[in-house]
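The values are calculated or read from the model by the stated rules, or taken from the named source; none is laboratory data. Everything numeric in this text was worked out from a predicted model, so none of it was measured. Reconstructed Cβ throughout: ideal geometry from the backbone, glycine too, with neighbour counts over all protein chains shown. Side chains are part of the model used for accessible areas, which takes the heavy atoms of the whole protein and leaves out ligands, DNA and RNA. Shrake-Rupley method; radii C 1.70, N 1.55, O 1.52, S 1.80 Å.
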Amino acid sequence: MKDLYLDCISGISGDMTLAALIDLGADVEYIKRELMKLPIDDFDLWVETVDKQGIAAKKLQMKLPEIDAHVHGIGEGHGHGHSHSHDEHGHSHDHDHGAGEHHHHHEHRKAATILEMIRESELPERVKARSAAIFDVIAVAEGKIHGIDPSEVHFHEVGAMDSILDTIGICLALENLGVERLFASPVPTGYGKMRMAHGLYPVPAPATAELLTGIPLAKSHSEGELTTPTGAGVLKALVTKFGQLENFTVERIGFGAGTKDFPAVPNVVRALLGQSSESGAASVSRETVHVLEAQLDDCTAEACGYAMEVLFEAGALDVYFTAVQMKKNRPGTLVTVLCLPALSDRLEEVLLTETTTFGVRRSVWTRRILERDFDAVETPYGTVKIKIGRLCERVLQATPEYEDVARLARDHKVPFIDVYRAALCENKITR
C-alpha cells in the first residue's frame, strides 16, 4: 500500500499535480492509452524537464484540437499556459496569464455529461470513483456560487478538455502508482485580484474559495492565483488529512512545474510517495467512508432504480437496497449509500430529492482495504484486466474485470462465464 503527500509549496493545480505524479514514475503512456478510450477529441500529452530555481521539475505539455497545431502548457492558473474562469452562469472564460496564450470559443459541456461519460467508461472502478468525486465537488461549488443546480454547471469546451485530461489523468496516475491514501500540506491561495468575465474578482476566485472550505490555508508568498479550481477539487475530494509532513517514510519524490517564476519560492508542487505510520501499521490499510441510510415504504421500484443511477453518477462508491419491515407492519426498503466524506452532502441531497424519504442518517465508518493493482492476461477472446488484492505483499484476490469480460463476451457472442474462466485460466498470479 502506498500513500501520497502533496506538498503545495506554491499552491496546486491540475496540470502541475499530474506532472509531479509522472515525475514520481507514473507511466504517461498508460495514462494516454486509458484517456484515449474516452469519447473525447484527439489530443497528445507529454512532459518536459524544466528548471525552477535550481529544481529539475516536470512540466506537462499538451496538444489539443483546433489550436492550429500550437503546443502549449495547459492549466488554469498561475503556472499554466491556458486558463479558464467561470461567469455567474457556470460558463468558463479564458483570462490572460502570459504570452503565447490563445482564446477559443466552443460549445459547452455540462458537468452531468462529464460525470455520465466517466460512469459509462471502461476506466478502472477506483479511477472512475475518484474522477467523479473531483468533478462533483467542483460542480457543487460552482453551482452554489452561481445559484444553479450542480448538474447544470457548464464547462467551456477547451476547459472541459483540460479538466477531463487533468482530472482523470491524475486519477489514472494515482492508480498506476498504487496510491491508496492522500495527504497534503496547508495550501497557499495567492492574493490580489484577477480579471474574469464580469470584472475584477478577489483571489482566490469564488468557486476556489468555496472548494477550500475546511482546508487549512498557508501564507501566500506571491500575488496572483496560486491554487486553481481543479487543484482545490483534488484536495477537497481525495485528501484525507492536512498538515505538515511527519511519520512518513519517503520512497520517491516528484516535482510538477508551473509556467511562471516567483522570486521567493520555486513554482512547483512536490509529491512524495511512501508510507505513513501516523497511527501504526494497523491503520495503513484503512480509509474513512461515510454511510448514508434512508428507509422507504412509499417509493416505487422505478423511482428507487432511478435514484440508484443518480447516486452512482454523483460518485457513490456503492448503493444497495435491503428489504425491511417498518412500522405499522409495512414492508419497506432500506437504501444504503457508501461514499467518500467529501461527497456526503451532495449524496444526501440526491436521496432527499430523488426518493420519498423525510430524512437521511449519516454515520462515519472506517474500512480496511486490500492494496490493489492490475495485471492483464491474453485469452482466446482478447485482453482482460485482472484486479489483484494484496495484504502485506501476499495476494489474496485476483479477479477478472467485469467490463472487459462483458465486452469480449458480447463481441464474440459467447457466454460471459466462458470468457471469465478463460481469464482465470490464463492468470499466473496465485494466492
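Looking across region 217-228, the residues that are at pLDDT 90 or above and either open to solvent by less than 50 Å² (accessible area, probe 1.4 Å) or in contact with a Lys or Arg (Cβ under 6 Å, 6 or more places away or on another chain) (or both) come down to A218, L226, T227, T228.
Only one entry in V28, V47 is touching a Leu at 6+ places or on another chain (Cβ under 6 Å) and open to solvent by 30 Å² or more (accessible area, probe 1.4 Å), namely V47. Every condition in (1) in contact with an Asp or Glu (Cβ under 7 Å, 6 or more places away or on another chain); (2) open to solvent by 40 Å² or more (accessible area, probe 1.4 Å); (3) modelled with pLDDT of 80 or more holds for E107 except the one numbered (3).
Looking at G100, G54, just one residue is open to solvent by 40 Å² or more (accessible area, probe 1.4 Å) and modelled with pLDDT under 50, and that residue is G100. Restricting attention to region 419-431, the residues that are touching a residue at least 24 places away in the same chain (Cβ under 8 Å) and open to solvent by less than 90 Å² (accessible area, probe 1.4 Å) total 7. Scanning region 214-237 for residues that are among the hydroxyl-bearing types (S, T, Y) and farther than 14 Å from D15 by Cβ, we see that the one that is nearest to the chain's Cα centre (by Cα) is S220. If you go through region 161-190 and keep only what is of a type in the set (D, E) and buried (at least 24 other Cβ atoms within 10 Å of the Cβ), you end up with D162, D166.
Residue pairs whose Cβ atoms lie under 9 Å apart, separated by 6 or more positions or on different chains, with the first residue in region 317-337 and without any contact (Cβ under 8 Å) to a residue 24 or more places away in the chain and the second surrounded by fewer than 13 Cβ atoms within 10 Å (Cβ to Cβ), are A323/P331; Q325/P331. Criterion applied to L238, L273, L292, L245 was being open to solvent by 60 Å² or more (accessible area, probe 1.4 Å), under 27 Å from T366 (Cβ atoms), in contact (Cβ under 8 Å) with a residue 60 or more places away in the chain and hydrophobic (A, V, I, L, M, F, W, C), and the one residue passing it is L245. Let me confirm something: among L174, L182, which residue is under 15 Å from the mean Cα position of the chain (by Cα) and not in a strand (DSSP E or B)? Matching residue, one of L174, L182: L174. Annotation for region 154-168: no member residue is in a loop (DSSP other than H, G, I, E, B) and of a type outside the set (F, W, Y).
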